[in-house]
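Notes follow once the structure below has been shown.
The values are calculated or read from the model by the stated rules, or taken from the named source; none is laboratory data. Because the structure is a prediction, the values reported are computed rather than measured. Cβ: placed from backbone, ideal geometry, glycine included. Neighbour counts: every protein chain shown.
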């Protein structure tokens, strides 16, 4: 039987080839729209994509991420006590309809906790298409229990986790040409030059999470973490019900922030991400975007980079969230904040 | 940011190019079937479609309508107090997989209400494919608030709203040949000649609306009207919960009336439509079809037109609905009637 | 109107051509994954499928079954009091994207019950692609009421129902070559040689059934049996709510048993099946697989057959189910057992 791993099953340097390569289809792309409400024209309009130099409609970056991530769950995090974080997520090549994705991971760190019952495993995961071109990679760390508390975890190695992806390591396809960008197709004329560092945008069009929608999305990604699907199991936990896959919340927030970030093209990096509170069916998700940094891209005058902080909020209008952290405990997230993600997008330059 | 418009933002003659062109895929067609229960073979059977002269399976007329309509919401009706009506909906050309649709609107009328706080905007919307061929058009009017009650709305112009689409203005593709129509593929031998003006057909196979199904459908159409998705917002309204997109109810009623109207091929026109009562998740939809008119088509002996009235009913078997209007208030719809739509279909002639 | 049949409408030897041929698309395949959680790489990976000799990704056997079965409901079982059973289900040829399936049935038996109000109809159903190649066939029997209790049902004929499909009658495509089977793509190295007759595998990753998911699946198959969709109707029955289509439970159990049966390739036969208790939205489905028989295939050393018994269980971990039948009534199923299906799969031979 395909096994799921515990802390003692990992060793630094170990390489894991994840099962179930996946060919991405038009059906996946349509379901992504139906399940998240995404409206970015790059991922649903042949004319818009070809105008920018794409040979055909590319696959939504977050759909690529979820499918690639889904491959790794069985081996890395099926037994996880907590998905602690991810960093250095780089989208290195576009994915198109018919591409087949497979994922591999290398263990880059391990640390047993002082209770000797669990610990942290760090992996570097890499995603390839059918031509063995890398399309995506990330670092990730999870807390795992031991299966056998007597098992020895010989070494401790904590890898360097990058604070953010260096703009120099960001890949932008050479065929992409944003010079003739068509603002009529996005509904906004706000380009790179129009955003200001420190600027905050509230996204007040909420999306309520329904049980079937989040489970369908997570099934689509073939992410088989049990806590999203098994109500009978979850009723016995402190949560009392199924948990929503954190990636689904990223997708909802990213769909919501189209209104205000209409001309952002691709996600080229996720610098870091925290799922600060759980989400359940019935919660309504809002979002807030903060512009963290602006970068030009060497050799390109057609587009620039925006580094953004995207805050996901449940059951509270973004204009009513006065502080992301608790006012009396500034290291703890406000109880309505469910996501705090730092990512980088391309956007046509304008002035 | 892409703006949403208020009453004072419109002027007669103004032209609006709606954002987010959309390429229609196999995934969209499958989702339409899964979300509505549609069983018409023309939209799911290559052999059936090619037997009728189609080069491939066409896209369901109502899916085309919903996607085209979804483009217009941001600019026309995001702030609407009420979607008052539509008329003169003409399906002028078939849409196929891979076609990219875009929508444009022209303001054809405006009238401030006497309260000076809101008014009515009338638009003519037109939908084109990637070859700039018109595939669909309609007239529509919505009630919009002013953003600024002091704003002036200088002119009043109420356009002529046609009572119904003149059969002479109905487009039927030249390649469509219904002469060799295969009744075994629809399950009924009832053709144009078998329907009688005034005849009523009860469609008693109810479909219960679930929250995820209506929101997924509305997301698929990229219709971003907030009241379908944001439970947190809607809890504070008189409705107390999310409203179902009226177009989803048309699709459900149209799927239900396959049983009884098996051989109707295309919707060629929607003459008028009223969403007479709201629908919510949990409601079960039934339908009733009344044959209003029969028309021959000049130059064609293979098919004719039926003008139909399709009544959507919630939580009441159609045989139990004795009057569409309230018996003691004949201008007010029966509280269980949710849809009253007048449309025209093609159907093979038979005798 | 397409009619639905009652007991007296059937006669032995009668042939029924079912309506609504259906072209299978990428959208259907993606929805199947999203609605069931299926992870078998043969049905989602171009590289995996082509490595085995397939020209492209084949359609999941159970999706083929459900779509083909859905065609027959209107004529055979729309009025059924009970779907009593099916047998001799043979998957005779692979189905690919773009294939159009149609179903036909022949009445092979009829028996009026002694109450003279209802009886049993037996049919043999056969499914063809657009090249008129048979891809699937089965025997099935349903209990149907009379429409008119005075109607005569002249003959009684009970056909021979085969206990199981003879392995000699099982079709395996000549192009399929399991010699170079890639276990890294399935996550398990357990092949035909590793399974033991009598062995039991518990599948403890439960899937909770949601109302929208089961109705979307059943709509996707265009199965129009009213009791899955019409809550208003079902509230008046002893069930009080919508019933889940039994086939959806087969699909969920089959998706769950990927964990433990990773290298099973195709379902080549369903020998028999019992839906022993109803399933409703909110139930969580678990499964148990028992290895019944192992067979070599004449002339092939690359793969063998496993005959499996797949038990579907609701709201109870499989390890907690001590007996499939009630301990004090061994002919009655345990109240948590919802499915007992006997089927045969191909699997690479190994040793």
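For the range A:24-34, give me each residue that is part of a loop (DSSP other than H, G, I, E, B) and either at the interface with chain B (Cβ under 10 Å from one of its Cβ atoms) or without any contact (Cβ under 8 Å) to a residue 24 or more places away in the chain (or both). Spell out how you get there, then give the answer.
Pass one, the range A:24-34, residues part of a loop (DSSP other than H, G, I, E, B): A:24-25.
Scanning the range A:24-34 gives a single hit, A:25.
Select the strands (runs of 3 or more DSSP E) contained entirely in the range C:253-341, then report the ones holding at least 1 residues which are under 25 Å from residue A:19 (Cβ atoms).
Details: elements: C:267-274, C:284-297, C:300-314, C:329-333.
Ranges flagged: C:267-274, C:284-297, C:300-314.
Yes/no matrix, rows are residues, columns are (1) away from chain B (no Cβ under 14 Å); (2) outside any loop (DSSP other than H, G, I, E, B); (3) free of Cβ contacts under 8 Å to residues at least 24 places away in the same chain:
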site: A:127; (1), (2), (3): yes, yes, no
site: A:137; (1), (2), (3): yes, yes, no
site: A:140; (1), (2), (3): yes, yes, no
site: A:144; (1), (2), (3): yes, yes, no
site: A:151; (1), (2), (3): yes, no, no
site: A:161; (1), (2), (3): yes, no, no
site: A:165; (1), (2), (3): yes, no, no
site: A:184; (1), (2), (3): no, yes, yes
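Inspect all residues belonging to the range A:207-221 and state whether any of them is in a strand (DSSP E or B), within 14 Å of chain B (Cβ to nearest Cβ) and crowded, with 18+ Cβ neighbours inside 10 Å. Quick ask: steps written out before the conclusion?
Initially, the range A:207-221 is screened for residues in a strand (DSSP E or B), giving A:207-208.
The next check asks that each one be within 14 Å of chain B (Cβ to nearest Cβ); those that pass are A:207-208.
In the following step, the residues that additionally are crowded, with 18+ Cβ neighbours inside 10 Å were identified as A:207-208.
The answer is yes, given that some residue of the range A:207-221 is in a strand (DSSP E or B), within 14 Å of chain B (Cβ to nearest Cβ) and crowded, with 18+ Cβ neighbours inside 10 Å.
Quick check on the range A:243-252: of everything there that is within 13 Å of chain C (Cβ to nearest Cβ) and part of a loop (DSSP other than H, G, I, E, B), which residue is surrounded by the fewest Cβ atoms within 10 Å (Cβ to Cβ)? So that I can check it myself, show each step before the final result.
First, pick out the residues of the range A:243-252 that are within 13 Å of chain C (Cβ to nearest Cβ): A:243, A:245, A:248.
Checking the rest, the ones that are also part of a loop (DSSP other than H, G, I, E, B) come to A:243, A:245.
Working: A:243: 19, A:245: 27.
Ranking the qualifying residues of the range A:243-252, first place goes to A:243.
Consider the range B:144-180. How many of its residues are in contact with a helix residue (DSSP H, G or I) (Cβ under 6 Å, 6 or more places away or on another chain) and not assigned by TED's automatic domain parsing to the domain that holds residue B:14?
0
Would you mind stating whether residue A:61 is modelled with pLDDT of 95 or more and either within 14 Å of chain B (Cβ to nearest Cβ) or surrounded by fewer than 21 Cβ atoms within 10 Å (Cβ to Cβ) (or both)? It would help to see each step written out before you state the result.
Numbers: modelled with pLDDT of 95 or more: yes; either within 14 Å of chain B (Cβ to nearest Cβ) or surrounded by fewer than 21 Cβ atoms within 10 Å (Cβ to Cβ) (or both): no.
Here the answer is no, as residue A:61 does not meet what is asked.
Do you know which of the residues in the range B:11-23 that are assigned to a loop (DSSP other than H, G, I, E, B) and facing chain A (nearest Cβ under 9 Å) is surrounded by the fewest Cβ atoms within 10 Å (Cβ to Cβ)?
First, the residues of the range B:11-23 that are assigned to a loop (DSSP other than H, G, I, E, B): B:11-14, B:18-21.
Next, from what is left, pick out any that are facing chain A (nearest Cβ under 9 Å): B:18-21.
On the way: B:18: 22, B:19: 25, B:20: 26, B:21: 24.
If we take residues in the range B:11-23 being assigned to a loop (DSSP other than H, G, I, E, B) and facing chain A (nearest Cβ under 9 Å), then B:18 is surrounded by the fewest Cβ atoms within 10 Å (Cβ to Cβ).
When you check residue A:87 against the structure, is it part of a strand (DSSP E or B) and either more than 10 Å from every other protein chain (Cβ to nearest Cβ) or out of contact with any strand residue (DSSP E or B) (no Cβ under 6 Å at 6 or more places or on another chain) (or both), yes or no?
Working: part of a strand (DSSP E or B): yes; either more than 10 Å from every other protein chain (Cβ to nearest Cβ) or out of contact with any strand residue (DSSP E or B) (no Cβ under 6 Å at 6 or more places or on another chain) (or both): yes.
When the stated conditions are applied, residue A:87 passes them.
When residue B:89 is evaluated against the numbered criteria (1) under 18 Å from residue B:275 (Cβ atoms); (2) surrounded by fewer than 21 Cβ atoms within 10 Å (Cβ to Cβ), which criterion, by number, is the only one it fails?
(2) is the only condition that residue B:89 fails.
Out of C:314, C:331, which single residue is out of contact with any strand residue (DSSP E or B) (no Cβ under 6 Å at 6 or more places or on another chain) and under 30 Å from residue C:234 (Cα atoms)? Can you show your working first?
Working: C:314 fails: out of contact with any strand residue (DSSP E or B) (no Cβ under 6 Å at 6 or more places or on another chain).
Result: C:331 is the single residue among C:314, C:331 that is out of contact with any strand residue (DSSP E or B) (no Cβ under 6 Å at 6 or more places or on another chain) and under 30 Å from residue C:234 (Cα atoms).
Within the range B:35-42, is there a residue that is under 20 Å from the mean Cα position of the chain (by Cα), closer than 26 Å to residue C:248 by Cα and within 12 Å of chain A (Cβ to nearest Cβ)?
Yes, that holds for at least one residue.
Picking from A:8, A:46, A:56, which residue would you name as being without any contact (Cβ under 8 Å) to a residue 12 or more places away in the chain and either more than 7 Å from every other protein chain (Cβ to nearest Cβ) or touching a strand residue (DSSP E or B) at 6+ places or on another chain (Cβ under 7 Å) (or both)? Walk me through it before giving the result.
Details: A:8 fails: without any contact (Cβ under 8 Å) to a residue 12 or more places away in the chain; A:56 fails: without any contact (Cβ under 8 Å) to a residue 12 or more places away in the chain.
Selected residue: A:46, the only one of A:8, A:46, A:56 that is without any contact (Cβ under 8 Å) to a residue 12 or more places away in the chain and either more than 7 Å from every other protein chain (Cβ to nearest Cβ) or touching a strand residue (DSSP E or B) at 6+ places or on another chain (Cβ under 7 Å) (or both).
Quick check on the range B:318-325. Is at least one of its residues buried (at least 18 other Cβ atoms within 10 Å of the Cβ), at pLDDT 95 or above and either farther than 21 Å from residue B:195 by Cβ or within 14 Å of the chain's Cα centre (by Cα) (or both)? Please lay out each step first, then the result.
Taking the range B:318-325 and keeping what is buried (at least 18 other Cβ atoms within 10 Å of the Cβ), we get B:318.
Now drop any that are not at pLDDT 95 or above, which leaves B:318.
From what is left, the residues that are either farther than 21 Å from residue B:195 by Cβ or within 14 Å of the chain's Cα centre (by Cα) (or both) are none.
No, every residue in the range B:318-325 fails to be buried (at least 18 other Cβ atoms within 10 Å of the Cβ), at pLDDT 95 or above and either farther than 21 Å from residue B:195 by Cβ or within 14 Å of the chain's Cα centre (by Cα) (or both).
Take the conditions within 16 Å of the chain's Cα centre (by Cα) and more than 7 Å from every other protein chain (Cβ to nearest Cβ) and apply them to residue C:175. Does it pass?
Values: within 16 Å of the chain's Cα centre (by Cα): no; more than 7 Å from every other protein chain (Cβ to nearest Cβ): yes.
So residue C:175 does not fit the description; no.
All but one of (1) in a loop (DSSP other than H, G, I, E, B); (2) without any contact (Cβ under 8 Å) to a residue 60 or more places away in the chain; (3) surrounded by fewer than 24 Cβ atoms within 10 Å (Cβ to Cβ); (4) within 14 Å of chain A (Cβ to nearest Cβ) hold for residue C:190; which doesn't?
Failing condition for residue C:190: (2).
Do you know which residues across the range A:222-242 are part of a loop (DSSP other than H, G, I, E, B) and either within 10 Å of chain C (Cβ to nearest Cβ) or touching a residue at least 40 places away in the same chain (Cβ under 8 Å) (or both)? It would help to see each step written out before you state the result.
Applying the first criterion (part of a loop (DSSP other than H, G, I, E, B)) to the range A:222-242 yields A:222-225, A:229-230, A:235-242.
Hits for the range A:222-242 are A:222, A:223, A:224, A:225, A:229, A:230, A:235, A:239, A:241, A:242.
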